């Protein structure tokens, strides 16, 4: 391929063998538009093909219908291609307040005006213009080259939020950087839809799921394809969400479950480009007064989480894995005896007859009386949660039933198969596109929940077998969607039986925020692992999720996966960061109980007591989070969108509205916090500080991290020490004021509760 042809081809991979037979189609200036009875506008968009392997205009033409709809005052929707009906789309869960509003069409196509078509909403606001008049030819050297009269569009999902579709992103007509609207086609039909909109030179982007990249995604090209990320320090991701937020005050949601590639002003620095591996394109443009408002629009379309039960905000204790009732009972009693507050003990992969072989049934030797075990744990103030996965292994209790009833999708061919679990014992993943398989699976969980389990860990779900034949959807649409269907099934039966809507999930896609809690996957026990974890939490919060957690102090050891214990410093520093997340759980490949780290055990106890003292504040912030568009753990840009520095701060975060947290992420104990504009109070000393600046690089003692509170904040805290949340009555919470009378931590009730200095 010639160099001049490699520009857009870098994004489309047209030089790859599997792509070389694809034809590229480019949208041209709209031919006509019409109002429809339902209040939408239908636009006829012509397309022209390019000659194979170049961007010289070909001889073929076609046209397709684009449907444009308006929802409320802040959402525009553009749909083109064979889009499934909304009623059958599990990603959509539109709120009753999302009402389609009529659009009026002004047709200027016969006049010499700025745009052929103008779309106006029922309040008289212009929300879109299309078909701008542009020159019909370019002069290049001695040749007159016909220019493509390209599809052009500018949209205003909200009057202050302008999104200009990319057009004429070229050097010459044959040297393209992006395609504003188009598709590729192979022998079987449409292969991929393409879009691009303009990116300003100083524009920033965030979101797209649980990214472990720096906060500002500008200059990144991302593949949104769920997979086992194998840690938190790569471009792979467990949770991808085709939603991104711009510093210019808009969001873009690509409503699809197919694989998506996004170039965030990377391959073309003047365009955000997307390609969707499907035969339709469905895009929502979201406006808002701020980032939280944009994410509120996302949730109005795809659903809200509910408030988490009070007990879930306490400490969860786990490791991979506990193997018996006797072992966990000993740990439960020791945590109480040594005064470590805790609410949950989690049984990971070892409660079955054979480790990792999920059967949804206890090993009768190591857990001889599960109902009595659950009751005894509850009497001690512990809930028990259970690990499982969506695979059914051969030679397990339910394999024959699952196969004979087609609860597992049959494999069409064995070679190059992909799944969560490979090897000879692998049977298959439960086909959650089959309603009967969902009912069967929920029955397995119902038995455990009625027995006394508090929640289910819905592990894995990022991959399914590409060679299986699924009941309800093709692989390309089910792969990313699988996480949603899997988690929905577990969440709904849990809420039905226990009254608490809660799971513990790893994978994610559009809509999964409805089924919390999610955690950050298998992070390394390292400072890099902690830094990547914090970044993942910031991005998932910018992708519509409220509740998110991570493994303290990292999941897997380094350099040996199982047997190298994390350092004392890392254990404590990770604990300190986790205190201010929505939920906190210890988990990993070796012992995680705080008494196993005697050098920092006393400090760890103090920080856990601080967590419990802050639960009234955190619980209240959780309630606020489910009612709007805010996560509990927040990037600074939620409150300081117009501060360009905050688009690059990913080593600190807000806990709710008022606490600004900077974890220490090195053995030296150093950190350089950034204080946004405003007045702040040092949590430890009570010193008043003015923001809009970086503070000096400072070394913090092992017992402290930088914490700042908005000046004047009123924070509810629990005034007594407790062993678990069963001992709490939130009506007894007291208010700690960070006004002029706050004289530092040592003079507050928190010091007496925690013993920290």
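Every number in this text was worked out from the coordinates using simple rules, so none of it is lab data. Since this is a predicted model, take the numbers as computed values, not measurements.
Using only the alpha-carbon atoms of the range 186-293 as identical scatterers, what base-10 log of I(q)/I(0) does the Debye formula give at q = 0.09, 0.16, 0.19, 0.21 Å⁻¹?
Each listed q corresponds, in turn, to -0.23, -0.72, -0.99, -1.18.
For the range 583-616 and the range 445-498, compute the distance between their C-alpha centroids and round to whole Å.
Rounded to whole Å, the Cα centres lie 31 Å apart.
For the range 165-230, what does the convex hull of the Cα positions come to per residue, in cubic angstrom?
Here the figure is 142 Å³ per residue.
Whole number please: convex hull volume per residue of the Cα set in the chain, in Å³?
Convex hull of Cα atoms, per residue: 170 Å³.
If the viscosity is 0.692 mPa s and the temperature 37 °C, what Stokes-Einstein diffusion coefficient in µm²/s follows for the range 228-291 when Rh is the Kirkwood radius over Cα pairs?
The estimated diffusion coefficient comes to 245 µm²/s.
What is the distance in Å between the Cα centroid of the range 504-559 and that of the range 335-374?
The range 504-559 and the range 335-374 have Cα centres separated by 24 Å.
How long are the three semi-axes of the equivalent ellipsoid of the range 636-754, in whole Å, if each is the root of 5 times an eigenvalue of the C-alpha gyration tensor, listed from largest down?
So the three semi-axes of the range 636-754 are 26, 17, 15 Å.
How large are Rg and Dmax for the range 539-613 when calculated on the C-alpha trace, in angstrom?
Using the Cα atoms of the range 539-613, the pair Rg, Dmax is 13.1, 39 Å.
Relative contact order (percent) for the chain, with alpha-carbon contacts under 8 angstrom and 6 or more residues of separation?
This gives 11 percent for the chain.
Expressed in nm², what is the orientationally averaged projection area of the convex hull enclosing the Cα positions of the range 81-122?
5.0 nm²
Is it possible to state the helix-based mean residue ellipticity at 222 nm for the chain, with each DSSP H run of 4+ residues giving -39500 (n - 2.57), the sum divided by total residues, to the nearest 500 deg cm²/dmol? What is it?
-6000 deg cm²/dmol
Give me the Kirkwood hydrodynamic radius of the range 22-287 in Å, from all C-alpha pairs, to one decimal place?
Final number for the Kirkwood radius of the range 22-287 is 19.3 Å.
Taking Rh as the Kirkwood radius computed over C-alpha pairs, what is the Stokes-Einstein D of the range 657-718 at 37 °C in a medium of viscosity 0.692 mPa s, expressed in µm² per second?
It diffuses with D of about 268 µm²/s by this estimate.
Quick check: convex hull over the Cα atoms of the range 428-547, volume per residue in Å³, rounded to an integer?
In the range 428-547, the Cα convex hull volume per residue is 120 Å³.
When only C-alpha pairs under 8 Å and at least 6 residues apart count, what is the relative contact order of the range 456-503, in percent?
41 percent
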